[in-house]
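Notes for the one structure printed next.
Each value in this text was obtained by applying a stated rule to the coordinates, not by laboratory testing. Model, not experiment: these values are computed from the prediction. As a convention, Cβ positions derive from the backbone with ideal geometry for all residues, glycine included, and neighbour counts pool all protein chains shown.
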């Protein structure tokens, strides 16, 4: 026997050990692949259940009808009505979240010292972690009466207070993504700017923000998608009457709050009224998915710049 | 080359002009520093107002009876017994489903996954799932768990729904925790002839466990407050009984009776009270909200504390 063979025999692939490795890898892979299954299941359920709905209601009516009365005898299914509520409340929320979120992001990334940031970031995180039902309660019981003091005609349920509170909820989200984008801007750009005699504010506005544009844009877009998908604040504080309006001082239903309304009612599964929630869900998913994809793509781009 | 000579007065004049520009720029700087602080205060004040408002309204209502009573048609007798028991049981199902699945997926993506299109698809998928509105998960669960699988409006359906919802959170935090482990640990293990699984089991998972735990806690804190998906699967809002205690029935089938029981959870109980017209029920809602808020604050605080200490302690 040649002297080398004994060693190489020991190094030979052990089928038992190798087989076990493969099995474990397979199990772990299926756990990771499960996420693909979840996505597929979401798409399948929404499509197949909406299919039942779209066999009764033509797509044209769904998109262009200006009434949403699925529970009445004279049923109309115009998603535009719910969409107007979603757009209005999202717009109000963004009017709050974008300015405050951006200012906080600039401040945290360019102005605040290490210590301040260590305190401010967890506080923001807590703000983002409050259950939305509590925000809804807060909008209904605290913010609406407050607004009514300034503006006595405001109805008890309105899109305005729901939107404002939703905006506060989204601030941490926009602030943290924008801050990440700004901190990813290389130090050398800031140093160059300071060397030219620019102040912090000038550097932040004219150097850091332009360099982080795509990241900040992605934060805004993800904020939109977050606001459009928010449910409980609107279900509690905005009333649930479908209302084709872009006036935030009116009550209104959104796609999400309509789904809650039907789920709380006692419509039988399989009836056309019930199937509407899947069609509404499909519309919502299409919307948020588009925004998410856009945001993801933008974020990916800014990461690759430096 | 012509030289412009300036007399003393002209120099002083130009210097003054420059100083003015500098002063103006610095004023902007100070102004913005204050503006940033004020913006942050908007968030902090909202959080304070929210907690204070609920404490003022709800605290007088919180006593032992509130925890040990079922919901009632009379506001003064109503309590949150079925709600907090339901929340704990649903969270149990959620944790049992989401943690193994999420950690396994995270480990696979960091330690095993080859760089190919399949991995890319999985990664994009997880990013996507994190952005899907929670109510869509509710619709998925309604179609899949409640009707296709026939789980009904049970603790099992709700727990699995929330597990799907927090799965991306668990996966992402697992990956981040694993990524923080330096490459030399892997090289040392492979150098000693360890297989990937031995490396994962003996080194990667133990070293990243605190980071994973942080992610799990944040995920659970989110799940505990989720209302929309649970309403969507059709959870009842008025439950005046408790499910059988877990793992106490006749084995083997009786052990799992509890998962099929109808239930209610804290946020749903709160929503139910909020949507009633009587003012007394709003007090109950505030009390339930305060307790719910306390739960999520404690969980989030624990996660933040854990992360902070982790960063200080570990020096690779």
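Assorted remarks:
- Selection of the stretch A:95-127 for residues being within 9 Å of chain B (Cβ to nearest Cβ), surrounded by fewer than 19 Cβ atoms within 10 Å (Cβ to Cβ) and within 17 Å of the chain's Cα centre (by Cα) yields only A:125.
- A count restricted to the stretch B:265-293 and to residues that are in contact with a helix residue (DSSP H, G or I) (Cβ under 9 Å, 6 or more places away or on another chain) and either more than 8 Å from chain A (Cβ to nearest Cβ) or not in a helix (DSSP H, G or I) (or both) stands at 18.
- Residue check, residue B:214 within 14 Å of chain A (Cβ to nearest Cβ), surrounded by 15 or more Cβ atoms within 10 Å (Cβ to Cβ), in contact with a helix residue (DSSP H, G or I) (Cβ under 7 Å, 6 or more places away or on another chain) and more than 30 Å from residue A:125 (Cα to Cα): no
- Here residue B:49 meets each of (1) under 16 Å from residue A:100 (Cβ atoms); (2) more than 7 Å from every other protein chain (Cβ to nearest Cβ) with one exception, condition (2).
- Set A:233, A:255: member being under 19 Å from the mean Cα position of the chain (by Cα) and within 9 Å of chain B (Cβ to nearest Cβ): A:255
- The helices (runs of 4 or more DSSP H) located wholly in the stretch B:81-198 that include 1 or more residues which are in contact (Cβ under 8 Å) with a residue 60 or more places away in the chain and facing another protein chain (nearest Cβ under 8 Å) occupy B:81-107, B:134-141, B:155-179.
- Subset of the stretch A:165-209 (residues that are farther than 30 Å from residue B:23 by Cα and under 16 Å from the mean Cα position of the chain (by Cα)): A:165, A:166, A:167, A:168, A:169, A:170, A:171, A:172, A:173, A:174, A:176, A:177
- Residue in the stretch B:58-68 that is over 16 Å from residue B:283 (Cβ atoms), outside any helix (DSSP H, G or I) and touching a residue at least 24 places away in the same chain (Cβ under 8 Å) present: no
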